[in-house]
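Written below as structure tokens is the structure these notes are about.
The values are calculated or read from the model by the stated rules, or taken from the named source; none is laboratory data. Given the structure is predicted, the values throughout are model-derived calculations rather than measurements. Here the Cβ is made from the backbone with ideal geometry for all residues, glycine too, and neighbour counts use every protein chain on show.
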Amino acid sequence: MDVTGWLLRRAVPRAFVVTAVGGTGARLAVEAELRERGWYEAASPAEADMLVACGHPCAELSPVLDRVWDQMPGPRVRAAAAAPERAAGVLDRARAELLDTAAQRRDAEERDGAARGRAREEGGEDMPGGLPMADRGEDRDGLTLDRLHVSLGPALPAWPAGLSLSTVVQGDVVQEARVRLVGAREGGSSSFWEGKPARAASLDAAQNLLAVAGWPAAALEGRRLRDALLRGEDGPRTRERLRRWTLRVRRSRLLRWATAGLGEADGRAPAGLRGDVADRWSRWLDPDGGFPPYRADASRAALDLLPGLVIGQELAAVRLIVASLAPDTGAVGAYAPGGSA
Amino acid sequence: MTETVVFAVCAVGAVASGAAVFAVDSMARATFALLASFLFTGTAVLLLGLSYLGVLVVLMMVMEMMVMAVFMVMYMMNPAGLMPMSMVHNRNGALAVSAGVFLLLAAGVVLVPWPEAGGAPPADPAFALGEAVMGRHMLVMMLVGMVLFATMVAATVLATSRGRYDRYGDDLRREHPDDPIGGGLGR
Amino acid sequence: MNGTTAPLWAAPLVPALLLALGYGAAAGTAALRARAAGAAPSAALAAPARESARLLVQRRRTVPGADVLLWRLGGALVPVAAVLGALVVPLGPTAVSDLSVGVVWFNAMEVLVWAALWMLGWGSNSVWGLVGGYRFLVQGLSYELPHMFALTCAALGAGSLRVGDVVAAQEQVWFAALMPAAFAVYLVSAMAMAFWGPFGAPVGRDLAGGAVAELSGVDRLVLGVGRYMFLALVAAMAVPLFLGGDAGPLLPGWVWTLAKTAGVLGLLVWLGHRLPAVRMDRFAEAAWVVLVPVTLLQALAVAVYVLVR
Amino acid sequence: MMLEAYLLLAAALFSVGLFGALSQQSVVMVMMGLELMVNAVIVTAAALWLYTSPQSPDGQVLVLVAVTAMAVEMAMGFAVTTALFRARDVDMVDMAADLADRGGPGDHGGHGGGGER
């Protein structure tokens, strides 16, 4: 009686979704598929057993995907959803490969062998695991403390596709920040959201921010409404649920308290990005769809604004600011953000 | 009988983890070795019948050791002890002095004819402590209160480099304090 | 005076009950999540079992330069703290060991979770873990004083630190009615203790899982089980302290205890589902400037009530 | 007999703490040594309360004062270390020997390296 197989068949897989620039369509399809099957989205590679790469990962993104693939522990499977319509098929094949215990055991033995080999030949170096010690720098209280170089890389849940924010962090306060697009598409800047209902674009940005703000229930509900709007189900039931959801999110005092006063964008920013994080996400909830966040110049301005807004903030605030700016990296094309303070 | 066994375990554990504090490389492990030593001490005090004070020692020490871990990681050069370097000066001198002190104390402990206990301990020692602290030892309670308050003020003044003039402006009339990261109530 | 000590065979009953209540909380969370996601909530009742199956098969991970001793110790400490804390919680009239300082013992056991989460974060040698562990310290230093004063109010009302006496003192009026502010602050600090719902920042998704970011396989399972057992413990402790323990018409005592515990647990699960996360730099100031004075005034009110009565 | 055992435990803890306080260079480690010594005081006070004067609560009050002393010592110790670290960017006991406000950050060692202030 193969216990592993029995357990695996009972297990609900957790997918770690990484989106390449311009893979928004594939991401939306995969997210809708995962939600309907009742599967979960993993927060970190350690928790995941399925790596789903959405869109066309280019040369720059592949090493990132390989590193995530190495960090995934036990039975693991790698899937690539290049186009939205193939999402369901890709997930089914991935699920089947996950249940194939013989293949998983072989993969495990290979990795153990390789790991033992690596451990033998790098036994003597001084730094364990080759990790350098942290350097030190001035902090805001006049002390000189350790500083870490952390890059909030493209492979992160609820994070703009392909964005890489390399920061110098002291404790969890960001001291320096540099924005980079991993695998920006040289071709024309055609955003996925052109032609789609503006409300769906705002809903996608809102569910992303709610997931980062620690409110998974409202994020899931928002995602469900976004998928309904994208599929064109604009019936009275959907509109009623949308109204109630918007009311609940807008009236949430805790969300406003957590996001008020963060990431204040001054007058020079375009209309859609002005104000603080709370202003931005309440703009998305306006019934007339508010300012469609997905336009090329707004996204470029967001990428330029980002380093300035992020410096001096803690990681939680950084995630909220990035989610509130919601740059559409697909629409930006091959753009090297200049603002690296 | 089980009491002496538990006491023996606590005694050996407390001294061993106490010694481990200065033997181990990683600062985080040193902090938790000290916490283990305190947990053994708390158990020993429980064994002596002072249930309230024993649990209080455990409660206070866990919180204190967590704060100590924060400062330990902040200030020590290599907190994880990954590159062992010894930060010790005149180790042998210290060893000699402390061994001498131990022998002196041990001799005192063994030779002194300790008085016998007058009566049995009260049913609820914590109640007796409460009565004393609110009665005869009221001065101790007031003194401890004042000392803790003075410590809070002095520690804050020493630790922070920004005074109230940095926060509220020279005329102290700025509406919201300009802190690097605002608090929850804008104060 | 009820609150007699249970026979020794009741000891294994405590972890079993905590596990059952924890499973109920996990299933409730999964059901609420499924309803929000549009799937059938009834299928979600088996979700915690399925997740445990997945984690049992998943392999464990090592991280270069990690402090494995503290890492594993942290993960194992959470369920142990939950069971140790539950020793003083009475089921019906009897608790496993009715210490004369039951309330302080419960407080000491839940502070162990501070050490557990910090060790988890520090041991995993990853930025996410470290930041998650430190977040829980800020959260702990913010909720601890209001929580202690709330417990003091309950002990003050009963004139004793023994949980049995606290239950006995609630013959006429429950402490939840007598001291509503202390009960409300207790519920807030209960969620903060179990890093649950709005106080889930230490293991938040914005930190890719925070202190549990690098955990996988059985380590993640042990921590997950411990976390839900701890949530069940804080809900169970609210019953003897504020909701009159096993008092209630018709049904036997232990049924009332379980019913009330399930009620409080359901409330905590629903609040976790319903509220976004609170950011610690904002909660710290609110806790020190608002909650501490509120609980102090509540303690004053209870003291006057006890003197006058 | 048990009183002597408890007092021997306290003596052992005291001397381990003393060894730590004397031998360690880092201020934070010296404070851990001091904490161990106060730990010994707690055990002594509790043991003497039970075995010599259980009727009077003085022993318990002494334990309470010892616990408070430990909290105060730790708070003030870390405040001083922070101020020292801000002034001289060092947390070594040797370099904190004098009260002169000699060097700002960067004056890394060189005992008595004054003069270029």
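Side notes on the structure shown:
- Residues located in region A:83-96, provided they are without any contact (Cβ under 8 Å) to a residue 40 or more places away in the chain and closer than 14 Å to A:Ala11 by Cβ: A:Ala96
- Screening C:Tyr143 with (1) touching a Ser or Thr at 6+ places or on another chain (Cβ under 9 Å); (2) within 14 Å of chain A (Cβ to nearest Cβ); (3) of a type in the set (Phe, Trp, Tyr) gives one miss only, at (2).
- Restricting region C:50-75 to residues that are surrounded by fewer than 16 Cβ atoms within 10 Å (Cβ to Cβ) and either touching a Pro at 6+ places or on another chain (Cβ under 9 Å) or not hydroxyl-bearing (Ser, Thr, Tyr) (or both) leaves a set whose member that is nearest to the other protein chains (Cβ to nearest Cβ) is C:Pro64.
- In region A:309-321, residue nearest to the chain's Cα centre (by Cα) [restricted to those that are more than 14 Å from A:Arg274 (Cα to Cα) and part of a helix (DSSP H, G or I)]: A:Arg319
- Members of region A:146-169 found to be part of a strand (DSSP E or B), away from chain C (no Cβ under 11 Å) and either in contact with a helix residue (DSSP H, G or I) (Cβ under 8 Å, 6 or more places away or on another chain) or at pLDDT 85 or above (or both), listed by number: A:Leu163, A:Ser164, A:Leu165, A:Ser166, A:Val168
- In region B:7-36, the residues that are surrounded by fewer than 19 Cβ atoms within 10 Å (Cβ to Cβ) reach residues that are not in a helix (DSSP H, G or I) with C-beta atoms within less than 7 angstrom, at least six apart or across chains, in these pairs: B:Asp25/B:Gly81; B:Asp25/B:Pro84.
Let's see how each residue does on (1) within 9 Å of another protein chain (Cβ to nearest Cβ); (2) among the charged types (D, E, K, R); (3) surrounded by 24 or more Cβ atoms within 10 Å (Cβ to Cβ):
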| residue | (1), (2), (3) |
| --- | --- |
| A:Arg10 | yes, yes, no |
| A:Gly22 | no, no, yes |
| A:Arg37 | yes, yes, no |
| A:Ala43 | yes, no, yes |
| A:Ala46 | yes, no, yes |
| A:Val64 | no, no, no |
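- For region C:89-119, the tally of residues that are under 19 Å from C:Leu151 (Cα atoms) and within 10 Å of chain B (Cβ to nearest Cβ) stands at 16.
- Among the residues listed as D:Val27, D:Val43, the single one being surrounded by fewer than 24 Cβ atoms within 10 Å (Cβ to Cβ) and either closer than 27 Å to B:Met141 by Cα or of a type in the set (A, V, I, L, M) (or both): D:Val27
- Checking each residue in region B:49-71 for being more than 7 Å from every other protein chain (Cβ to nearest Cβ), free of Cβ contacts under 8 Å to residues at least 24 places away in the same chain and closer than 17 Å to C:Glu144 by Cα picks out only B:Val67.
- For first residues located in region B:133-162 and facing chain D (nearest Cβ under 8 Å), partners that are assigned to a helix (DSSP H, G or I) and aromatic (Phe, Trp, Tyr) and lie 6+ apart or on another chain with Cβ distances below 8 Å form the pairs B:Ala155/D:Phe78; B:Ala159/D:Phe78.
- Within region D:46-85, considering residues that are outside any helix (DSSP H, G or I) and of a type outside the set (Gly, Ala, Ser), the one surrounded by the fewest Cβ atoms within 10 Å (Cβ to Cβ): D:Gln55
- Scope region D:18-28; condition at the interface with chain B (Cβ under 7 Å from one of its Cβ atoms) and in a helix (DSSP H, G or I); matching residues: D:Leu18, D:Phe19, D:Gly20, D:Leu22, D:Ser23, D:Val28
- Flag if C:Leu84 is under 28 Å from B:Leu50 (Cα atoms), surrounded by fewer than 23 Cβ atoms within 10 Å (Cβ to Cβ) and within 16 Å of the chain's Cα centre (by Cα): yes
- Annotation: of all residues in region A:228-241 being assigned to a helix (DSSP H, G or I) and without any contact (Cβ under 8 Å) to a residue 24 or more places away in the chain, the one that is surrounded by the fewest Cβ atoms within 10 Å (Cβ to Cβ) is A:Pro236.
- Taking every residue in region B:164-187 that is closer than 23 Å to C:Leu291 by Cα and in contact (Cβ under 8 Å) with a residue 12 or more places away in the chain and pairing it with any residue that is of a type in the set (Lys, Arg) and surrounded by 12 or more Cβ atoms within 10 Å (Cβ to Cβ), at least 6 positions away or on another chain, the pairs with Cβ-Cβ distances below 8 Å are B:Asp179/B:Arg167.
- Matching residues, region C:274-295, being hydrophobic (A, V, I, L, M, F, W, C) and either touching a helix residue (DSSP H, G or I) at 6+ places or on another chain (Cβ under 6 Å) or not in a helix (DSSP H, G or I) (or both): C:Leu275, C:Ala277, C:Val278, C:Met280, C:Phe283, C:Ala284, C:Ala287, C:Leu291, C:Val292, C:Val294
- All helices (runs of 4 or more DSSP H) inside region B:85-187 with 1 or more residues being of a type in the set (Gly, Ala, Ser): B:91-111, B:125-134, B:138-159
- Close Cβ contacts (under 7 Å, 6 or more residues apart or on different chains) running from residues in region B:86-98 that are basic (Lys, Arg) to residues that are modelled with pLDDT under 75 and surrounded by 14 or more Cβ atoms within 10 Å (Cβ to Cβ) are absent.
- D:Glu73 fulfils the conditions (1) modelled with pLDDT under 85; (2) of a type in the set (Asp, Glu); (3) within 12 Å of the chain's Cα centre (by Cα) except for a single criterion, (1).
- Residue check for B:Met74: in a helix (DSSP H, G or I), without any contact (Cβ under 8 Å) to a residue 40 or more places away in the chain, in contact with a strand residue (DSSP E or B) (Cβ under 7 Å, 6 or more places away or on another chain) and surrounded by 12 or more Cβ atoms within 10 Å (Cβ to Cβ): yes
- In region A:242-276, the residues that are part of a loop (DSSP other than H, G, I, E, B) and surrounded by fewer than 18 Cβ atoms within 10 Å (Cβ to Cβ): A:Arg251, A:Ala260, A:Gly261, A:Glu264, A:Asp266, A:Gly267, A:Arg268, A:Pro270, A:Arg274
- Considering A:Glu97, A:Glu110, A:Glu60, the condition of being more than 10 Å from chain C (Cβ to nearest Cβ), acidic (Asp, Glu) and within 30 Å of A:Arg319 (Cα to Cα) is satisfied by A:Glu60 alone.
- Test: residue in region B:95-111 that is at pLDDT below 90, surrounded by fewer than 15 Cβ atoms within 10 Å (Cβ to Cβ) and facing chain D (nearest Cβ under 9 Å): no
- Taking region C:35-49 as the range and being more than 8 Å from chain A (Cβ to nearest Cβ) and modelled with pLDDT of 90 or more as the test, only C:Pro48 passes.
- Test: residue in region B:33-48 that is facing another protein chain (nearest Cβ under 7 Å) and in a loop (DSSP other than H, G, I, E, B): yes
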